[in-house]
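Data first, discussion second: the structure below is written as structure tokens.
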Amino acid sequence: MTSDEALVLSHWLEKLQMTDLSRVVDDPAVWAPIHRIAGTLDKALPELFAPDYDQRVAAARQRLLPED
């Protein structure tokens, strides 16, 4: 996984965890792995604490978008 992929996925997982998981993920057995993956990414990404975090996520998202 690239650093851009990890950053974008971490951001998405954070938003997912802030919702009612039962509305999005209908299998409660999947919740623990989702939390584990998010925690692992959080530990591996120093960018999460950067003052320009939002700009970094936006730039990573742009780089990951398919080119037309």
| task | Using a 1.4 angstrom probe on heavy atoms only, work out the carbon and sulfur share of the accessible area of the chain in %. | result | 57 percent
| task | May I ask you to work out the translational diffusion coefficient for the chain at 4 °C, viscosity 1.567 mPa s, via Stokes-Einstein with Rh from the Kirkwood sum over Cα pairs, reported in whole µm²/s? | result | 100 µm²/s
| said: I'd like to check one number: the per residue accessible area of the chain, probe 1.4 Å, reported in Å² as a whole number. | reply: 76 Å²
| task | With everything on Cα atoms, drop me the angle between helix 31-44 and the longest principal axis of the chain, reported from 0 to 90° to the nearest 10. | result | 30 degrees
| request: Treating the angle as unsigned and between 0 and 90°, give the value, to the nearest 10°, between the Cα long axis of helix 53-64 and the longest Cα principal axis of the chain. | output: 90 degrees
| query | Using 0.36 nm per residue, how much length does the chain from Asp20 to Met1 gain when fully extended, once their Cα-Cα distance is taken away? | reply | 4.1 nm
| request: Starting from the Cα of Gln62, step 7 Å toward the Cβ, then list every residue of the range 1-23 with an amide N under 17 Å from that point. | output: 4-5, 7-8
| message | Could you tell me the relative contact order of the chain? Use alpha-carbon pairs under 8 Å, at least six residues apart, and round to a whole percent. | response | 53 percent
| said: As I understand it, the value is the acute angle between the Cα axis of helix 3-17 and the longest principal axis of the Cα atoms of the chain; what does it come to in degrees, rounded to 10? | reply: 40 degrees
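The values are calculated or read from the model by the stated rules, or taken from the named source; none is laboratory data. All values reported here derive from a predicted model rather than from experimental measurement. Glycine also receives a Cβ, built like all others from the backbone with ideal geometry; neighbour counts cover every protein chain displayed. The protein model used for the area step is the full one, side chains on, heavy atoms only, and it has no ligands, DNA or RNA in it. Shrake-Rupley method; radii C 1.70, N 1.55, O 1.52, S 1.80 Å.
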